[in-house]
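Comments concern the structure below.
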Amino acid sequence: MRPLFDRRLVVVAGKGGVGRTTVTAALGLAAAQCGLVALVVEVDGQSDIPYALAADRAGTLDEVELSPRLYHVTIDRRAVLSEYLHDEVPGPVSAAILARSRLFQLFVDAAPGLNELLTIGKVWELIQRPRHRRRARQYDLVILDAPASGQLIALLQAPKTFASIARTGPVARQAEAIQASLRDPGLAAFVSVVTPEQMPVSETVSLDGALSLLAGRRLDAIIVNRLFPQRFTTEEGEALARFGPDPALRSARWFAARARAQRGQLTRLETELCHVPLFAALPFRFTERIRRDDLQSLASLLAPRS
């Protein structure tokens, strides 16, 4: 995973329910353990990572420290819009009036892709060195907990759409700069989190193709999450199948079958996406809820080896 930590932006994608937020938090902890100042970003007003790390939550757009060298921010489109108006519209009164205008809010909601452009534009601002906002903290690495794959595609399409519509002016220039950053393999990396199951694997394959079409990029890394341990050989699995309905044996058969099915999907993933340079696997955590200790353990598996 070392090449990921040399970028300024890591976009963590994947189908809903595969543990994308958990992996984002683990990557943030791993980066901080390596001495980087890292920022994990959640969108749509979500704030699950501070909860998992037993840290205090803050308001939207507040960049708060979760642990040494690890920070968190939640992006909410209305807060981003208000910030953008304050920075770009001359005079604080004009910006405040627009931000409170219901008609203007309806226009923003109706404009195709504008909410996505505001979100990805804020992510782009977070990776700038120096930041556009005065006295704002600079980060070595920004890790985006992206929305589910379908929404992520809309997020990535927005800069190109607005650059072609606006053509000139500040919106067009910023959209072009965002698009260039996402296309730069030395600046941004795309990671897909996937569980070794048919639908998540299929969606990861589709995401790789969509990235190629939209951004001229391919996935930089795949992190396989919730991998079951392979406790039984093929011969042992066949022997288990011959025994009776004892509850312990039924459980053993279920685990053996699940691990075998996962390895089949893992083989498929490695075959169809053999061009992806980085692969990592994280074990299934047999806990009711992922806690800080679990995240630290996962982070140690993702952290670059010295």
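A few comments on the model shown:
- Which listed residue is surrounded by fewer than 21 Cβ atoms within 10 Å (Cβ to Cβ), in contact (Cβ under 8 Å) with a residue 24 or more places away in the chain and under 26 Å from residue 22 (Cα atoms), from 190, 228: 228
- Candidates are the residues of segment 12-39 that are of a type in the set (Val, Ile, Thr) and under 17 Å from residue 140 (Cβ atoms); the one that is surrounded by the fewest Cβ atoms within 10 Å (Cβ to Cβ) is 37.
- Criterion (touching a helix residue (DSSP H, G or I) at 6+ places or on another chain (Cβ under 7 Å) and more than 21 Å from residue 62 (Cβ to Cβ)) met by exactly one of 23, 18: 18
- Checked across segment 169-188, the condition of being part of a helix (DSSP H, G or I), charged (D, E, K, R) and under 20 Å from residue 41 (Cα atoms) holds for at least one residue.
- Test: residue in segment 275-284 that is touching a residue at least 60 places away in the same chain (Cβ under 8 Å), over 30 Å from residue 182 (Cα atoms) and surrounded by fewer than 16 Cβ atoms within 10 Å (Cβ to Cβ): no
- Total residues in segment 180-197 satisfying the condition of being at pLDDT below 95 and polar (S, T, N, Q): the figure is 1.
- Restricting attention to segment 119-168, the residues that are over 30 Å from residue 1 (Cβ atoms), of a type in the set (Val, Ile, Thr) and in a loop (DSSP other than H, G, I, E, B) total 1.
- Of residues in segment 40-77 being more than 16 Å from residue 298 (Cβ to Cβ) and touching a His at 6+ places or on another chain (Cβ under 7 Å), the one surrounded by the fewest Cβ atoms within 10 Å (Cβ to Cβ): 64
- Segment 199-213, subset without any contact (Cβ under 8 Å) to a residue 24 or more places away in the chain and over 17 Å from residue 17 (Cβ atoms), residue surrounded by the fewest Cβ atoms within 10 Å (Cβ to Cβ): 213
- Contact map, segment 114-131: first residue surrounded by 21 or more Cβ atoms within 10 Å (Cβ to Cβ), second residue among the aromatic types (Phe, Trp, Tyr) and modelled with pLDDT under 85, Cβ cut-off under 6 Å, separation 6 or more or different chains; pairs are 117/162.
- Only a single item in (1) of a type in the set (A, V, I, L, M); (2) at pLDDT below 90; (3) surrounded by 18 or more Cβ atoms within 10 Å (Cβ to Cβ) is not met by residue 165, and it is number (3).
The values are calculated or read from the model by the stated rules, or taken from the named source; none is laboratory data. Predicted model only: the values in this text are computed from it and were never measured. Cβ coordinates were reconstructed from backbone atoms using ideal geometry, including for glycine residues, and neighbour counts include every protein chain displayed.
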